[in-house]
Every structure is written in structure tokens, then in C-alpha cells.
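A short worksheet on the structure shown next.
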Amino acid sequence: MTDFTYRLAQKRHLATTLPGPRSAEIAARRKNFVAAGVGSSVPVYAVDADGGVIVDADGNSLIDLGAGIAVTSVGASNPAVAAAVAEQAQRFTHTCFMVTPYEGYVRVAEELAALTPGSHEKRSVLFNSGAEAVENAIKIARLATGRTAVVAFDHAYHGRTNLTMALTAKSMPYKAHFGPFAPEVYRMPASYPYRDESGLTGEQAALRAITQIEKQIGADSVAAIIYEPIQGEGGFIVPAPGFLPTLVAWAKDNGVLFIADEVQTGFARTGAWFASEHEGVVPDLITLAKGIAGGMPLAAVTGRADLMDSVHAGGLGGTYGGNPVACAAALATIDTMREWDLPARARQIENSVKPRLEAFAKEVGVIGEVRGRGAMLAIEMVRPGTTEPDPELTKAVAAEALSQGVIILTCGTYGNVIRLLPPLVIGDDLLDEALTVLEDAIRAHTRR
């Protein structure tokens, strides 16, 4: 493992029960001024973070297995990123690339052309968030193909804007009562190996979706299919081998664009620079965000030059898209990922964590499946002896782990998946300690 150095002590320490009095006081103020629709997974308020720890307002040091939802892969205060942000902010924080452009935006686009799958000529456009990137990828696909229909899949998550809510599968909390949604979005069955019928191959699962597309929409009406190479909010679902290649081959044969939503899976998270590489597929368009800029808000659509250049001047952009400070952070983040070989670090995390959790699953009998790639791993919680989802146990385990100083996130269509997204720079000892806390929390709640 790379010998990471840290600014903060990498230790779990509880100075108070959680939440402590200072966090509780901030939470009380929040109720008076922050909209109730904004939720938070944990009730503590951060004041510092580094490596694999977050320090709250009461001096508690918590082990972070969420990384701000796969964002702070290089750490939440990486010194190279912080220095790049400070240097750029001293020069200028904004001019708007659509008014007075700057080199940082161009350099980020150059890096994305080199890093993303495929040797074809590429172009990029920069935005602020993953949802913005997805929405613009759909715009590009529709204009480039002259078609309107877009195919999304069961268990998908693509964002919270109107169009991306239409693409997202789960109703609560993402879609409920927010309609009507954007039209010409169609949902097809995905590949969910743990819950698909026994013996269904990836190729068969893809053909099942393709048959429905052809019958319900017609291939010549479809502009694009969009898929997360590992479905994130849906439960860290890794498709069966052959699913994505079969789907992509069909798309290519029918003039349909394949959009890979790599907002959560990108930038070394899965043990490759991008999760599409594991599937051996090259997207026509790829959406990027989260880990791209070390915590600064930045997103991108990168794709085939002919597709990206089909859009008329002024058809893409936004006031803050490709902000110069965020671009500086992205360049420092990418340099750090290369220097520390964080794809390899993600593979190390998988090689140590996954076998341990698989062995633990046999012990407790409430884990239906351990899955994922790299440092994007998950356990699906079920009722003993069944495949029935157990969201209540999942929630209780997350709460128990937090009470012991470990932040974990949950997800899944059925609310029964614990996901592990540690910063890629977390130390082995700290990660091992966090897993012990997680295992003890599961044991505690399965013996009651």
C-alpha cells in the first residue's frame, strides 16, 4: 500500500455520545432555517476531515466509510487539492468559461479524453453535478441521433432533476409527489444476479430487455440507453457477465447510443479508472462527477467527438460549469490518483474486505450477498433462511455502527443494502477496525 501521510490522527475516538451537545445545538438551529426536505444520514456536524476520519463539532473522531458518497477518494482535505484550490482562488474564482475562457477547463477536457475508455477522438463539456451531466448527455444523444426515446433500467439512479427523476427507478424519497416527469423515458428490466431467476445469464438478461425495447418502443425510435456499470443507489448491483456487452452490441447495431453513468463508479473507485473497463465496453457518452475533483463541485460529459460536436454553439454550458477553482481541484485530484495508483489501492481494499465479509456472511446468516468491485462494496441484508429484504435490520446496524463511531451508508431498492465507500486513502488498520465495528453491530442485532 502507498505510505499515505495524514494531517489528522487516524483513529476512532468518542468524546461524547452521538450526537454531542454542540451538534445537537446546530441541529436545533437547522430546523429553523434549513428546509425539512434536505435529509442527513448522520446527526453529527463535521468540522474537520482527513484521510479516513471525520471530526465533528464535539471532538468525536469517526471512521468514514462513505467518502461523501464516493467523492473524497483522495481524502477530504488532500494537501495537493487544497493547495491547487488556494492558488487558483488567489488568481480568480470565476469568469464564466462561456464569456472569458481559461486553460484549466481545457486541461481537464484533455485529461478526460486520455483517461476515459476508448481510443477514439473525444470531446468534453463540464458541469456542476452528476444530474446535470446526465441531463446534458440525454440532450446530446437526442440531438445527435434525431430520436427522442431514452431507455433506463430497474434499480437505476441518475439524479433528482425532472428528467433525471424520470430516469431514476426508486420512488421514495427521490420521485414521490414530484411529477409529472419528462416524457419519452422507458424502463426495462436490469440484471440483478442475486434476485434474478436461477440460471439467468447476463446475455439472457440483456436479451430480455432488448425484446421489450423492440416490442414496446422500436429500436429506430431510441436515442440512447443509459446504465450504471455498477448500479449505485439501487444497491451496488454488479450486472451478470455478458449483460452490458450484449446490450451495447445491440445498441451499436441499431444506431442507439450507450451512455455509461459513471458518476459514482468513476475515478478509480472500482479498481479501474472507470467501471466500464471491467465490462469491456466503450461508451459513446460517459457522465462523470463525484470523485472527479476531490470534493469540489464538478461534473462532465465526455464522448465521441462527432456526437459532442453535433450540438450547435451555445447549446451546452452553464454559468458555473467548469468553474476554474473546481478545475484546479480536478487536475490535482487526477495527478494524485496517478501518483498513488489509486485504482490499485481500490483493488487492495477489495482483496482484503470482500473475503472477510464473505466469511462473516456464513457466520451470521443474514447476509444474502456480498458484492461490488474495488472500494465500492456492499452487503445485502435478508431475513434468516430467506432472500426477503430486511430494511429494519439494515437501518439498525447503520445506527449501531454510528453510535460506535463508524459512518456507513445504506442504499438499495428495498432499503436493505449496506454500502462501503471508504476514501481510497484510508489506512488498513483503520479500515480493519471499522469492519470489526460493523460486524459487531450485525452480531448484536441478529442475537436479539
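Looking only at residues of segment 375-394 that are among the small types (Gly, Ala, Ser) and closer than 26 Å to Gly427 by Cα, we find that the one that is surrounded by the fewest Cβ atoms within 10 Å (Cβ to Cβ) is Ala378. No other residue among Asp341, Asp335 is at positive phi and in contact (Cβ under 8 Å) with a residue 40 or more places away in the chain apart from Asp341. Exactly one residue out of Leu421, Leu402, Leu431 is closer than 25 Å to Ala76 by Cα and buried (at least 23 other Cβ atoms within 10 Å of the Cβ), and it is Leu421. As for segment 1-14, it holds at least one residue that is at pLDDT below 95 and among the charged types (D, E, K, R). Within 12 Å of Gly234 (Cα to Cα) and more than 18 Å from the chain's Cα centre (by Cα): does that describe Ser171? Spelling it out, Ser171 is indeed within 12 Å of Gly234 (Cα to Cα) and more than 18 Å from the chain's Cα centre (by Cα).
Among the listed residues Gly368, Gly372, identify the single one that is within 21 Å of the chain's Cα centre (by Cα), touching a residue at least 60 places away in the same chain (Cβ under 8 Å), surrounded by 15 or more Cβ atoms within 10 Å (Cβ to Cβ) and not in a helix (DSSP H, G or I). Please lay out each step first, then the result.
Values: Gly368 fails: within 21 Å of the chain's Cα centre (by Cα).
Matching residue, one of Gly368, Gly372: Gly372.
Going by what's in this entry, would Val42 be described as among the hydrophobic types (A, V, I, L, M, F, W, C), crowded, with 19+ Cβ neighbours inside 10 Å, over 26 Å from Tyr174 (Cβ atoms) and in contact (Cβ under 8 Å) with a residue 12 or more places away in the chain? No. Hey, any hits in segment 189-205 for a residue that's of a type in the set (A, V, I, L, M), under 26 Å from the mean Cα position of the chain (by Cα), over 22 Å from Pro389 (Cβ atoms) and in the same structural domain as Asp261 (by TED's automatic domain parsing)? For segment 189-205, residues of a type in the set (A, V, I, L, M), under 26 Å from the mean Cα position of the chain (by Cα), over 22 Å from Pro389 (Cβ atoms) and in the same structural domain as Asp261 (by TED's automatic domain parsing): absent.
Conditions tested, residue by residue: (1) closer than 26 Å to Leu421 by Cα; (2) of a type in the set (Asp, Glu); (3) touching a strand residue (DSSP E or B) at 6+ places or on another chain (Cβ under 8 Å).
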{"position": "Gly234", "(1), (2), (3)": "yes, no, yes"}
{"position": "Gly242", "(1), (2), (3)": "yes, no, no"}
{"position": "Val256", "(1), (2), (3)": "no, no, yes"}
{"position": "Gly271", "(1), (2), (3)": "yes, no, yes"}
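No other residue among Ala80, Ala67, Ala113 is touching a Lys or Arg at 6+ places or on another chain (Cβ under 7 Å) and closer than 21 Å to Leu331 by Cβ apart from Ala113. If a residue has to be among the small types (Gly, Ala, Ser) and part of a loop (DSSP other than H, G, I, E, B) to count, how many in segment 219-251 make the cut? Total satisfying the criteria: 5. The residues of segment 180-212 that are surrounded by fewer than 20 Cβ atoms within 10 Å (Cβ to Cβ), touching a residue at least 40 places away in the same chain (Cβ under 8 Å) and part of a loop (DSSP other than H, G, I, E, B), listed by number, are Pro193, Tyr194, Arg195, Asp196, Leu200, Thr201. Does any residue of segment 252-267 turn out to be assigned to a helix (DSSP H, G or I) and either aromatic (Phe, Trp, Tyr) or in contact (Cβ under 8 Å) with a residue 40 or more places away in the chain (or both)? Within segment 252-267 (the criterion being assigned to a helix (DSSP H, G or I) and either aromatic (Phe, Trp, Tyr) or in contact (Cβ under 8 Å) with a residue 40 or more places away in the chain (or both)), the answer is no, since none of the residues qualifies.
Residues in segment 268-327 that are surrounded by fewer than 24 Cβ atoms within 10 Å (Cβ to Cβ) and of a type in the set (S, T, N, Q): Ser310, Thr319.
Of all residues in segment 384-409, those that are under 11 Å from Ile367 (Cα atoms) have Cβ atoms under 6 Å from Cβ atoms of residues that are in a loop (DSSP other than H, G, I, E, B), 6 or more apart or on another chain, in Pro384/Gly365; Pro384/Val366; Pro389/Tyr414; Pro389/Asn416; Asp390/Arg383; Asp390/Asn416; Thr394/Asn416.
Set side by side, the residues Gly415, Gly385 differ, and just one is out of contact with any strand residue (DSSP E or B) (no Cβ under 6 Å at 6 or more places or on another chain), at pLDDT below 95 and not in a helix (DSSP H, G or I), which is Gly385.
Checking the stated criteria, Ala28 turns out not to satisfy the condition of being under 20 Å from Leu420 (Cα atoms) and either surrounded by 14 or more Cβ atoms within 10 Å (Cβ to Cβ) or free of Cβ contacts under 8 Å to residues at least 12 places away in the same chain (or both). Would you confirm whether any residue within segment 132-139 is touching a residue at least 40 places away in the same chain (Cβ under 8 Å), part of a loop (DSSP other than H, G, I, E, B) and over 18 Å from Gly266 (Cα atoms)? No, that holds for no residue.
The values are calculated or read from the model by the stated rules, or taken from the named source; none is laboratory data. What you see is a predicted model, and the numbers here were worked out from it, not measured in a lab. Cβ atoms come from the backbone with ideal geometry, glycine included; neighbour counts cover every protein chain shown.
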